[in-house]
Ligand code: IPE
Ligand code: IPE
Ligand code: MG
């Protein structure tokens with residue numbers, strides 16, 4: 001632990017619970033910088049994900065959405081895709097028990113029709129087995145594209161007469177094969193140095209605070225998470241309004 005950085009836990013913030021979404025980027029470069037194959041980075045990245053999931057509730061996070069595989073990631077070399085899918089399968093096998101013990105409820109968002117049927121069966125079982133978890137709602141985005149989800153939601157909503165944001169969110173959940181509406185994202189973190197959204201949660205991030213770090217995902221840790229949450233709490237969210245304290249100036 002870095003001595004210069006004091007960890008602030010949720011209890012120190014008088015705030016409501018957070019939805020944090022993470023674009024876990026930089027695995028491949030992290031490995032290549034070490035002269036290893038890209039897959040080495042994905043394996044290490046899975047370890048980081050495990051640690052961040054465990055730490056999340058301490059920082060006031062009640063919903064954590066992790067971008068594990070984008071619909072555009074199918075464009076990668078076939079071998080990398082198949083190794084990523086195998087990694088997902090093997091992690092699901094071992095981590096469901098830990099999730100039950102830690103009160104973590106797992107859901108998946110994204111298309112399921114292009115995934116291996118064994119993986120889909122595992123995902124459904126993980127959702128059922130962890131459905132009573134109360135400490136953290138972990139949402140894993142697999143074969144996920146925000147634009148495809150919005151397109152599908154728009155198709156589903158085509159005959160709706162009074163389409164509201166809330167109703168659209170319901171269609172969006174349906175489009176993502178998810179049984180419940182996603183809360184708005186409070187804080188979006190992207191590791192790996194790129195400053196873009198790469199088709200992740202475009203509707204849900206309307207007022208999200210964005211936090212970009214050069215740290216590669218395999219090097220991300222609890223201290224980095226604490227720093228991101230602390231930065232979030234130092235920002236003023238205005239949602240288009242004028243904060244009460246400044247109203248008199250008008
Ligand atoms: C993110 O790391 C993980 C996935 C997309 C599955 P990358 O594989 O994109 O790593 P970089 O960006 O090439 O370093
Ligand atoms: C976004 O990262 C997807 C995941 C982290 C799963 P990418 O590495 O695929 O995004 P781009 O290609 O840099 O935009
Ligand atoms: Mg990348």
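Every number in this text was worked out from the coordinates using simple rules, so none of it is lab data. Remember, predicted model here, so these are calculated numbers, not experimental data.
Computed from the alpha carbon positions, the gyration tensor of segment 146-189 leads to an equivalent ellipsoid with semi-axes of 19, 12, 9 Å, biggest first. Once the convex hull of all Cα atoms in segment 163-230 is built, its volume per residue stands at 112 Å³. Normalised Debye scattering of the chain at q = 0.08, 0.13 Å⁻¹ gives log10 I(q)/I(0) of -0.32, -0.86, counting only Cα atoms as equal scatterers and leaving out solvent.
Roughly how many Å is it from the Cα centre of segment 32-62 to that of segment 106-185, as a whole number? Computed from Cα coordinates, the inter-centre distance equals 23 Å. Short-range pairs are left out: with C-alpha atoms under 8 Å and at least six residues apart, the relative contact order of the chain is 26 percent.
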